[in-house]
Amino acid sequence: MPRLPDFSVVVWLRKTDKFAALKAEVLDAAVAEPYESTEYQGMVDFHWSAPNLPDAERLAEALKAAARHPELVLLRIMSRVDGVDSISIKDERRTRH
């Protein structure tokens, strides 16, 4: 069974009429292909792996320009390393209370 990477950069895009252009912008900025992508309830998520936190931070920085779009709902560095917190750069997920 494949093991999840220690660090992942995660982007959620709302699937609107601007999706194709924004997806192209995000993929161009990331330079690498995501290791995972899923579509669910009008959102598409992308996950890129990084071997360490500095590499994850560089990738997130490259994706920051795309975060200005309201259709980009989440830009986050996910950490699976004990003692290293995940970092949210943009998080506009709607939660139910």
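The values are calculated or read from the model by the stated rules, or taken from the named source; none is laboratory data. None of these values were measured; they are calculated from a predicted model. Quick reminder, even Gly has a Cβ in these numbers, built from the backbone with ideal geometry, and neighbours come from all protein chains shown. Accessible surface is based on the protein model in full, side chains and every heavy atom, while ligands, DNA and RNA are left aside. Shrake-Rupley method; radii C 1.70, N 1.55, O 1.52, S 1.80 Å.
Put a dot 7 Å past the Cα of residue 18, heading toward its Cβ, do the same for residue 52, and the two dots end up 3.6 nm apart. With axes computed from alpha carbons, what is the tilt in degrees of helix 53-63 against the longest principal axis of the chain, rounded to the nearest 10 within 0 to 90? For helix 53-63, the angle is close to 10 degrees. Accessible surface of the chain, 1.4 Å probe: 51 percent of it comes from carbon and sulfur atoms.
Using every pair of separate Cα atoms, the Kirkwood estimate puts the hydrodynamic radius of the chain at 13.7 angstrom. Distance from the Cα centroid of the stretch 64-82 to that of the stretch 1-44 is 10 Å (rounded to whole angstrom). Our summary gives the stretch 1-96 a relative contact order of 35 percent, counting only alpha carbon pairs under 8 angstrom and 6 or more residues apart. Helix 19-30 and the longest principal axis of the C-alpha atoms of the chain enclose an angle of approximately 30°.
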